[in-house]
Amino acid sequence: MSRECAACDRNLPQSSYKANQYAKGPGVSRCKQCVHGHYSDNPSTRHSDAGRFNNSFRAHIPNSALEQPFAEGAFRRVARGTYTSGPRQGQACVVKWFKRGAVFSKDYFHLDIKAVDKALEFVNGFNDLGIINKTVKINVPSVWQFDDDNDNEWAGQSVLCEPFIQNYQKFNSNSGWTDETRVWGEVMQALSHFSYHVSGGYYVLCDLQGGIYRHQMVLSDPVILSRHRQYGVTDLGPKGISSFFAQHVCNDFCRPHWTQPANPQQHFRPIPGTSMMRRTVPTEHSRPLRTRFPDR
């Protein structure tokens, strides 16, 4: 049974309320996060402790890298370059862009950055708990453009740019798949569980992937699952949240009091890759061809 919180207006399950608050009834009850002042739905500062930023404004991307990307996903390609300014000058960076012909727009660059902003909130909170003796960070991408005076097809094209990550690996996906063969896989599962708990069941941070360094873990391209599918085609919504918990088994890094759905069900096949759900579907004729009236 769910109820709208009188403070934050979110429709939350009964487990998100303390017993005394829930007993006050609809229109009065406040969720745990609002009572304790822990919840914030505002985008976190872009200079958060958990952010790993470009710290630069220019980079060189060889044409050969663009023509033969070193990584490729379902709808994006990734090429490697080198920063040519700022504190990261001489260090490696990556640029990401959509495949030609894909039905995506520049709005998805905005959604990527929006997802990172929300992820920073959860990662900062997780780091503050001190569950592990290392820090989790997230690459914060920026939308850059190739110089207009380039004499090739890339002139003026927009890309996402962020620092390069060494030893890249994936720990969980947005469909419920997880790799817990190593301890960092368990830590990432705990981070995903924590995001659900601290947001009152409204979000799950997942599709966690990145590199393990000596003192920190650096993540990239996180996915946010949300109740109202606010984060684009990789946000699988309530069914995605349910699918995550259908596969999740709490480990030593989860806290016993962290909330989770009462009866989670698997709605998607758990695969390592990132699953997508379009907001629109192809249209069909409203009635069989050569008939006068639509089916009733």
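Brief remarks follow.
- Checked against a 27 Å cut-off, the cross-linked pairs 114/137; 18/134; 96/137; 96/118; 118/170 give Cα-Cα distances beyond that limit for 18/134.
- Multiplying the residue separation of residue 251 and residue 28 by 0.36 nm and removing their Cα-Cα distance gives an extension gain of 76.8 nm.
- Sorting 134, 118, 99 by solvent-accessible area of protein heavy atoms yields 134, 99, 118, largest first, with a 1.4 Å probe.
- Extended-chain gain in nm, criterion 0.36 nm per residue less alpha-carbon gap, residue 133 and residue 63: 21.1 nm
- By accessible area, using a 1.4 Å probe on protein heavy atoms only, the stretch 51-247 has 46% of its surface on carbon and sulfur.
- Considering all different alpha carbon pairs of the stretch 169-267, the Kirkwood hydrodynamic radius works out to 13.4 Å.
- Projecting label points 7 angstrom from Cα along Cα→Cβ for residue 271 and residue 84 puts them 3.9 nm apart.
The values are calculated or read from the model by the stated rules, or taken from the named source; none is laboratory data. Since this is a predicted model, take the numbers as computed values, not measurements. When we count neighbours, we look across all protein chains shown, and the Cβ atoms used for this are built from the backbone with ideal geometry, even at glycine. Surface areas here come from the heavy atoms of the whole protein model, side chains and all, with no ligands, DNA or RNA. Shrake-Rupley method; radii C 1.70, N 1.55, O 1.52, S 1.80 Å.
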